[in-house]
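Remarks on the structure that follows.
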Amino acid sequence: MKKFVLAILACTIAAACQPTQAVRLAEWSPGIDESALGDAPKPESYKVKLTNIGTEEALEATMSAGSAQTISVVPGIYNITVQAHGSSGGRAYNYIGTANAVKIVGSEPVHTLIKVTASASSALVFKEIHYNASMVTGSTSARYLKDTFFEIYNNSDQTVYADGICLGDPMSYKIYDFKDKLPNASDYVFIGTYVWQIPGNGSDYPVAPGESFVIAASAIDHARIANTLDLSTAEFETICDKYKEKGGQTDANAINMTLACTIKESGLGNQFGRFTDGAWVIFYPSQPLRKDGEYLESNHANNYGQEVLKADILDAVDFLKTENPDDKRLESELDAGWIKCNTTGGNQSVVRKVAGTREDGSIILQDTNNTSEDFTVSDKPEIRRDGVKRPSWSTWTTAQ
Amino acid sequence: MEHMDNCTMRIYKVILFASLATLACLRSSAQESHDKAWTRLNLVKAQWMESSNAGALAFEAPSDFNTLDAGYAHSGGDFRQLQTGTSEGKLHFDTQGARQIGKVSVWGRFTYNNASESGASFNTLLNDPYDERFLYSAADSVAGQWKKQSYLMQFKAAMPLGEKVGAGVHVKYTDKIAAGQIDPRAEAYHYCVSVRPAVVWNSGIGSLGLSALYSNTFERSTPSISNSQEIQKLFLMRGLGNWVGSQVGGSGLSTMYFRCNSWGAALQYALRREWKLLAELSYTADRSVITESATQPKPHGNTLRHSISAYSSIQFGSSVLHSLKLSADAVNTTGTEPTALWNKDSGRWETAHTIDQVSLNTLRAALDWDAFVSDDDSYTWHFLAGLSFVSKDDSYALPYSYFKYNNMSAKAGAERRFAFAGGASLISSATISATKNISGGYSYSGHRSGTSPVELLYPHNLSILSADRCEVSADAEYSFPAAAGVNLALCAQARWLGASCSTDPGPVFRQRWMALGAIKLYF
């Protein structure tokens with residue numbers, strides 16, 4: 001009897017102690033392909049960021065282009081970003097290369113060659129964006145949707161002009177495909193709802209270094225209605241004849257934007273196509289925009305897009321509604337990261353970080369083409385924070 | 001809660017059916033009345049009832065009996081894992097009975113529970129947040145309220161196939177629903193059906209038994225929020241504090257599906273001399289798949305659980321019946337994490353990579369002794385004592401983390417039956433148990449340091465599970481004949497536990513209590 005019991009115990013304990021198959025680190029060795037840098041100076045080193053898609057763990061390392069280096073990582077599927085910054089001849093450059101869904105597993109080192117491109121930093125960049133609305137004063141359920149704004153800042157040391165600049169929301173490159181409709185479709189992003197354009201003859205709206213202009217859904221003092229901010233000094237608003245005809249929209253003193261494209265009409269009260277999620281780009285179109293009714297249809301029926309050359313894009317940001325990077329709409333070459341606010345009514349804004357200050361006291365904003373790193377979320381939306389100035393031609397306010 | 005109400009109605013119907021069935025048993029049962037002591041001894045002597053082999057009931061079934069138990073229990077206190085409520089009220093209804101119908105021995109049981117618990121956190125989706133098969137679930141740090149209902153129906157049936165061979169089957173069906181009451185909330189529907197066919201062969205060297213198991217478990221849980229203004233963040237748990245982010249609301253987490261298929265087999269051996277021996281060795285494998293969304297299934301993780309159990313029981317003595325039980329079981333659960341990528345061409349999630357990150361190991365061993373001082377078919381005294389050992393050793397492979405503890409427990413108790421004139425009896429008992437922690441610890445080295453699963457959930461649960469503690473319980477049951485062949489019993493039970501929990505600033509004393517009142521019928 002005793003032997004029998006001991007035998008059973010021995011079997012049980014032996015089974016319990018069976019070692020599980022060991023999981024070992026995998027090795028990854030990056031290679032940097034600088035053949036596409038053109039005239040841009042080669043940076044001394046790159047920052048490499050590996051994000052494990054499965055666990056969301058991010059690893060960072062610094063490496064030089066010519067060095068042989070291996071990085072030990074948990075086996076998995078990774079999105080990899082290689083970035084650097086430099087300057088030459090008074091111009092700032094961003095270097096970026098990406099590789100998505102790289103499988104780094106096994107006992108042999110995985111080598112990935114990443115092609116890096118360089119672009120001069122844009123003068124005009126998104127500085128602050130309020131896109132997730134607020135709550136009507138005294139209400140716990142009524143959301144206030146008209147306080148959306150985009151503040152755009154001249155981050156360079158030269159005066160630029162806002163005339164003709166367009167604002168739009170790109171469709172997800174993962175979902176919508178136009179390759180059968182357009183040669184070299186991969187050179188474009190496709191706007192899905194509206195394109196709003198700043199009017200002007202090319203020199204009407206100069207923006208000096210350290211100045212910003214604000215595009216508001218409605219340039220009024222919203223703080224009188226909701227728990228939000230005063231936009232009565234905004235330079236531009238997305239009010240046009242089409243919306244005035246529908247009523248309910250105050251035409252403030254701000255300059256009315258031109259509704260250049262209505263690709264897909266939205267019933268949203270901020271005259272933009274999206275609220276809590278969506279990507280946004282500002283661009284200067286180098287080719288004519290299509291007329292309404294002539295937009296390209298994607299691989300998903302009744303989903304149309306206005307093509308915009310990636311080369312025309314001045315700045316791009318990717319906002320997600322969830323923490324899931326799979327929902328990213330923009331390719332990494334336009335925005336290597338993303339950011340997320342609370343749900344609609346959360347009255348939050350995303351604010352670009354300050355990287356430095358010029359001798360004249362004006363700020364220099366961080367611009368690495370990576371929203372995850374360049375922006376933070378603010379619980380108190382504000383225009384022209386950090387002492388940023390209005391353009392010289394912006395002198396009005398809209399009294400209520 | 002509309003579904004909850006529908007299900008409540010369904011459960012009420014089942015209760016009604018069970019009650020009618022029980023009444024039918026009552027009419028046909030023998031006109032002798034029983035109490036708790038008789039019923040317990042009846043089941044103890046039917047040694048095969050504790051095994052997974054129903055076939056042996058063809059030769060050794062308990063005497064005909066029926067019981068009905070309805071009551072309410074309330075428990076509360078701060079000695080709890082975080083997924084358990086600070087207080088819980090539970091209404092229960094339980095009825096079981098055994099009968100010999102011709103050559104067929106039948107045993108059946110129906111159990112219904114209706115529980116309401118408050119203050120539970122780190123469980124967004126599941127009926128049972130401690131089910132290691134479903135470790136890839138969602139959690140949130142909001143302490144909320146749950147309403148849970150469950151019913152379990154099971155029966156065993158066995159008949160002899162000749163003089164030496166018996167065959168039987170044990171079928172179980174469990175149905176549960178749970179509804180979280182505070183955002184992020186969820187409605188969870190759970191069912192499990194299991195079938196255990198078995199045979200037994202009587203030979204000169206004893207009885208040999210073989211049983212098999214197939215079980216299918218399914219749980220569907222849909223998270224939601226009632227306040228759409230506030231999206232709720234979730235942790236999609238990956239084990240030992242690792243998680244990936246998600247949310248409820250917006251385009252966040254949709255319906256989760258937890259599926260498990262189980263297979264198993266068990267071998268039994270019994271010997272009847274002046275003493276009775278029963279030994280069993282069993283193995284079960286549970287393979288679970290956890291996915292999100294039915295229309296676009298997204299894999300969240302798989303688990304594979306191996307369980308090996310060994311159990312032996314020996315009974316001897318007549319005026320004093322001794323029952324000695326030795327049991328040990330080892331459980332290993334491996335958790336496999338997938339990395340899923342959306343394939344826009346096929347329009348589906350595809351698993352690009354999997355990695356076995358989690359290993360959960362539990363080893364239990366227990367030695368229990370019961371002695372019944374016989375009084376005809378009942379007993380006057382019942383003494384019990386036991387020793388047990390629990391070892392938990394969980395790990396996460398990369399980056400390496402562990403959660404482990406080893407506990408030793410001892411218990412002792414006594415039960416006295418007072419017989420009164422007219423067939424009435426009072427049975428009262430008291431039990432004391434103590435647990436001493438031998439070792440334990442939680443170490444985390446992943447990238448989620450500073451988050452609540454790492455800083456709050458696992459350290460707190462370790463402090464509970466590895467606490468030195470003492471528990472005392474007492475109960476009393478007074479039964480008396482209510483009709484011919486029917487004993488009505490009034491039962492009260494109280495339990496208290498005090499523990500010294502190791503926390504970062506220092507030991508904290510925590511306690512938990514439970515009080516129960518019930519009415520029972522023996523017939």
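The values are calculated or read from the model by the stated rules, or taken from the named source; none is laboratory data. Only a predicted model underlies this, so the values are computations on that prediction, with no experimental measurement involved. Every residue, glycine as well, gets a Cβ built from its backbone with ideal geometry; the counts of neighbours run over all protein chains shown.
Numerical summary
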| quantity | calculated |
| --- | --- |
| Top-ranked residue in segment A:341-358 [being away from every other protein chain (no Cβ under 14 Å) and part of a loop (DSSP other than H, G, I, E, B); ranked as modelled with the highest pLDDT] | A:K353 |
| Test: residue in segment B:417-435 that is within 25 Å of B:L304 (Cβ to Cβ) and without any contact (Cβ under 8 Å) to a residue 60 or more places away in the chain | no |
| Sole exception among (1) part of a strand (DSSP E or B); (2) modelled with pLDDT of 95 or more for B:Y151, by number | (2) |
| Qualifying residue in segment A:173-190 (condition: more than 25 Å from A:S286 (Cα to Cα), within 14 Å of chain B (Cβ to nearest Cβ) and not basic (K, R)) | yes |
| Checking A:T322 against (1) of a type outside the set (A, V, I, L, M); (2) modelled with pLDDT of 90 or more; (3) assigned to a loop (DSSP other than H, G, I, E, B), the condition it does not meet | (2) |
| Evaluation of B:F383 against (1) farther than 30 Å from A:A26 by Cβ; (2) part of a loop (DSSP other than H, G, I, E, B) (one fails), failing number | (2) |
| Of the criteria (1) more than 19 Å from the chain's Cα centre (by Cα); (2) within 14 Å of chain A (Cβ to nearest Cβ); (3) under 17 Å from B:S359 (Cα atoms); (4) of a type in the set (A, V, I, L, M), which one B:A285 fails | (1) |
| Top-ranked residue in segment B:216-233 [being away from chain A (no Cβ under 14 Å) and in contact (Cβ under 8 Å) with a residue 60 or more places away in the chain; ranked as surrounded by the fewest Cβ atoms within 10 Å (Cβ to Cβ)] | B:T217 |
| Among the candidates A:G86, A:G66, residue that is farther than 30 Å from B:W349 by Cα, loosely packed, with under 13 Cβ neighbours inside 10 Å and more than 14 Å from chain B (Cβ to nearest Cβ) | A:G66 |
| Number of the condition not met by A:T140 [criteria: (1) without any contact (Cβ under 8 Å) to a residue 12 or more places away in the chain; (2) buried (at least 18 other Cβ atoms within 10 Å of the Cβ)] | (2) |
| Residue list for segment A:274-306, filter: modelled with pLDDT of 85 or more, buried (at least 20 other Cβ atoms within 10 Å of the Cβ) and either within 13 Å of chain B (Cβ to nearest Cβ) or assigned to a strand (DSSP E or B) (or both) | A:A279, A:W280, A:V281, A:I282, A:F283, A:S298, A:Y304, A:G305, A:Q306 |
| Pairs where the first residue, in segment B:241-269, is more than 13 Å from chain A (Cβ to nearest Cβ) and the second is of a type outside the set (A, V, I, L, M, F, W, C) and not in a strand (DSSP E or B), C-beta under 6 Å, 6+ apart | B:C260/B:R133 |
| Selection within segment B:141-159 - under 30 Å from B:V106 (Cβ atoms), in contact (Cβ under 8 Å) with a residue 60 or more places away in the chain and either among the acidic types (D, E) or surrounded by fewer than 19 Cβ atoms within 10 Å (Cβ to Cβ) (or both) | B:M153, B:M159 |
| Residue, nearest to B:A371 (Cα to Cα), within segment B:338-348, restricted to residues that are at the interface with chain A (Cβ under 9 Å from one of its Cβ atoms) and in a strand (DSSP E or B) | B:P338 |
| Qualifying residue in segment A:167-182 (condition: closer than 22 Å to A:K389 by Cα and either in contact with a Lys or Arg (Cβ under 9 Å, 6 or more places away or on another chain) or assigned to a strand (DSSP E or B) (or both)) | yes |
| Answer from B:N437, B:N406 - the residue that is within 14 Å of chain A (Cβ to nearest Cβ), surrounded by 15 or more Cβ atoms within 10 Å (Cβ to Cβ) and assigned to a strand (DSSP E or B) | B:N406 |
| Any chance A:S141 is within 14 Å of chain B (Cβ to nearest Cβ) and modelled with pLDDT under 90 | yes |
| Conditions (1) under 30 Å from B:T334 (Cβ atoms); (2) assigned to a strand (DSSP E or B): number failed by B:S141 | (2) |
| Breaking point among (1) part of a strand (DSSP E or B); (2) over 20 Å from A:T159 (Cα atoms), for A:K380 | (1) |
| Those residues of segment B:312-337 which are within 18 Å of A:K103 (Cβ to Cβ) and either in a loop (DSSP other than H, G, I, E, B) or facing chain A (nearest Cβ under 7 Å) (or both), in sequence order | B:E337 |
| Long-range neighbours under 7 Å by Cβ, at least six apart or interchain, first residue under 14 Å from B:P459 (Cα atoms) and in contact (Cβ under 8 Å) with a residue 60 or more places away in the chain within segment B:498-510, second surrounded by fewer than 17 Cβ atoms within 10 Å (Cβ to Cβ) and not small (G, A, S) | B:C501/B:P507; B:C501/B:V508 |
| Matching residues, segment A:104-128, being more than 30 Å from A:N155 (Cα to Cα) and crowded, with 21+ Cβ neighbours inside 10 Å | A:I104 |
| B:W146 within 30 Å of B:S63 (Cβ to Cβ) and in contact with a strand residue (DSSP E or B) (Cβ under 8 Å, 6 or more places away or on another chain) | no |
